[in-house]
1. Among the residues of the range 105-113, is there at least one that is assigned to a loop (DSSP other than H, G, I, E, B), within 21 Å of Leu212 (Cβ to Cβ) and not hydroxyl-bearing (Ser, Thr, Tyr)?
2. Name the single residue, out of those in the range 198-215 being crowded, with 24+ Cβ neighbours inside 10 Å and assigned to a loop (DSSP other than H, G, I, E, B), that is nearest to the chain's Cα centre (by Cα).
3. If you check Thr439, Thr426, Thr443, which single one turns out to be over 25 Å from the mean Cα position of the chain (by Cα) and part of a loop (DSSP other than H, G, I, E, B)?
4. Return the only residue of Leu102, Leu70 being more than 27 Å from Pro525 (Cβ to Cβ), of a type outside the set (Gly, Ala, Ser), in the same structural domain as Arg14 (by TED's automatic domain parsing) and not in a loop (DSSP other than H, G, I, E, B).
5. Could you list, in sequence order, all residues of the range 114-144 that are crowded, with 20+ Cβ neighbours inside 10 Å, of a type outside the set (A, V, I, L, M, F, W, C) and assigned to a loop (DSSP other than H, G, I, E, B)?
6. Please give the number of the condition Ser500 fails out of (1) part of a strand (DSSP E or B); (2) loosely packed, with under 14 Cβ neighbours inside 10 Å.
7. Which residue is surrounded by the fewest Cβ atoms within 10 Å (Cβ to Cβ), if the candidates are limited to the range 145-164 and must be charged (D, E, K, R) and either touching a residue at least 40 places away in the same chain (Cβ under 8 Å) or assigned to a helix (DSSP H, G or I) (or both)?
8. Can you give me the number of residues within the range 249-274 that are over 30 Å from Ala381 (Cα atoms) and in contact with an Asp or Glu (Cβ under 6 Å, 6 or more places away or on another chain)?
Amino acid sequence: MPTWQELAADEKQRQQASIPKDWLITSPPDTQFDVTNVPASCGLLTPFELEVTETDDVGLLLARLAAGELSSVDATLAFYKRAVVAHQVTNCLTEIYVERALARAKECDDYLKAQGKPMGALHGLPISIKDQFCMKGLETTIGLVWRIGNYPERDATLVTILYEAGAVPFVRTNVPQTLMWVETFNNVFGRTVNPFNRNLTCGGSSGGEGALVAMKGSPLGVGSDIAGSIRVPSAFNGLFGLRPSANRFPLEGTAGTMEGFDSVPPVLGPMTRSISGVKAFTKAVIDAKPWTMDPLVVRKEWDEGAYQLKEHGEGKDLCFAIMWDNGCVLPHPPIRRALEETKRALLAKGFKVIDWPEFNYAELCTPVLRMWAGGAGEDFAAHAAKSGEPLHKTLTPEGKSVGFEWLPQDVHLSVYESWQLQKKKTGMRKEHLDLWRSTASFTGTGRPIDAIITPAAAYAAVPHGRNIDASYTMTWNVLDYTTCIFPVSKVDPTVDAKQSRGSFFNDVDEFVHNLYDPSTWVNAPVALQLVGQNLEEEAVIRLTGIVDDALESYRKK
C-alpha cells in the first residue's frame, strides 16, 4: 500500500498534468506579494479574454450570454485560462477538467441556437465550486488524503440545480484539511495564499474560492459556511459573500466532516465580485424548488416582496445599527475606519444609524463550542487514520502553534449534557431576538432596526497561521441569521496607524492587538458584514446593495 505522502504526491502530479502546457506561465518571484496583475501581464489571455474576465457585474455577463452576444464557450475558455493563471500564483484549485467544461459550454451554446432561448437563469455562466460539492466522476477530497481516488457516482443536489439552470461548473477549489479551519492548507494540495499579498492568508474554509474569484478567475463561486467559511475568505479577498440561514439552500450530496452534528448546520452560498451575482445565484437556486430534492430544505419560494423590502418600510427611512465591537475582540484600525466610513456614507444618503446595544456574544457561542469539542476530535482522528496522515495542529508555515488555534478538546458529553447546552443556546437566541425587537423604541421608524453592520473579523487578512478568531462570523451561525459580506476599502498604513491600549477583553484580544503592524497589511482588502434576521435572504441582498451603493456614492465625493 502506498504511504499517504506517496498518495498526495501522485495526486498533485496528476493535477499538474491536467493543466494545458501552453497555459503555463513564468511565475513571478516569491518576493512579489501582490499578484492580482499577473493575468493581465503574463501574456496568456487575449484582449477579448481580459475584457470578459474583468467584468465584475455577473448580471451583465448573464445578459450577454442569454442574448448570444457572448458565447458560453468563449466565456468558459477565458475564465478557465485566467483560473489556471490564478492557480499558478495562489494554488487555489484542486480539480482541473478543461475539455469536460468546454463540452458543457458548447451544450449551452447549441441549446440557445436551437431553442432561441437560454437554458436557464444561469445560462452559460462559468461557476467554480468548492471541493466539497460532489460531482460525478471528479474526486472530492475535502483536503483529506484518504479520499484520493474517491469518485462520486452522482452529483450533489446543488450541482444538479446549477446544470438545470444552464451554468457551467468548470473548476474545483482548495480547502483546509477537515474543512474546519478559517485558513486553507492541506496535505494533498498544499496552501492557498491571498492574491493581494501572498504573505497573508486567503481565509477558509472556502479559501480557494476566495483567492480564485478575487483573481477574476471565476465570475461566481460556491462556498460553504459553518462558522464563517464563506464570509471570512470573502472579506479577506474583497468579495461579496452570502451566508444564508440554514436549510434555505440544498446541502444534500456534499462531503464533509462532523456529519450528524446539527446544532449549527453548515450552509452553502455564493462568493462573487458583485451583488448582482449574489442575487442571481440565490434566485436561481430557490426557483429550482430545492425542497423537492433535499428533504431538509425549507419550502420557501423567492419572495419578491421581501426583496422590495416590504417589511422594511419599502426601503425608505431605513435604520442601521453598527456593532463597533462584540466584547470579545476589538477590531484593528482599518476595520474601525471601514465602520466609520460606512456610517458616514449611510448618513449622507439620509438613512438613520444607531449603535447596536451590548450582548454577551461569548456566552452565546460557548454551548456550541463545547458541543463541537465533544465529537470533533474523534471525528477528525477517524478521517486521518484512514490514510495515516497527521492532523494539523497549526497552519503556520513554520509548524509552530501560536497558542490560540481552534482545536477539538477532549470533552466527553452525555446526551443529557448536550441537551442542556442546546437548551442554553435556544434561550440565548430568544434573548437576542428580544433585544433586536426592543430597538423599535429608539429607531424613530416605528419598527426595529433593519440590519446590523458589523466587522467580518477583527482584522483584514492575517499572516498565515494567525487567523485565530471567528467570533464575528460564528455568532450569526449560532443565531442562524442571514448575513452578507461587502467590500469597503483596503488597508492604508498612512491612516491606519496602530493605537495603544491599556486593557484587553481576554488573551485572544491581546494577541490580536499585538499582531497588528500596518506595514504587514499593505494592500489587504477590508470588508464588513450586513446582518439580517432568520431566512431574510432576499432583504439582506437588497439591503447590502443599498449599503454598497451608498459607499460608492460616498467615494465619489
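The values are calculated or read from the model by the stated rules, or taken from the named source; none is laboratory data. The structure presented is a predicted model; accordingly, all values stated were derived computationally and were not measured. Note that each Cβ is placed from the backbone with ideal geometry, even for glycine, and that neighbours are counted across all protein chains shown.
1. No, the range 105-113 contains no residue that is assigned to a loop (DSSP other than H, G, I, E, B), within 21 Å of Leu212 (Cβ to Cβ) and not hydroxyl-bearing (Ser, Thr, Tyr).
2. First, the residues of the range 198-215 that are crowded, with 24+ Cβ neighbours inside 10 Å: 200-215.
Pick out the ones that are also assigned to a loop (DSSP other than H, G, I, E, B) and you get 202-206, 215.
Details: Cys202: 10, Gly203: 9, Gly204: 8, Ser205: 8, Ser206: 6, Met215: 15 Å.
The residue in question is Ser206.
3. Thr443
4. Leu102
5. Pro118, Gly120, His123, Gly124, Asp131, Gln132, Glu139, Thr140, Thr141, Gly143
6. Tallying (1) part of a strand (DSSP E or B); (2) loosely packed, with under 14 Cβ neighbours inside 10 Å, Ser500 fails exactly one: (1).
7. Arg154
8. Selection size over the range 249-274: 3.
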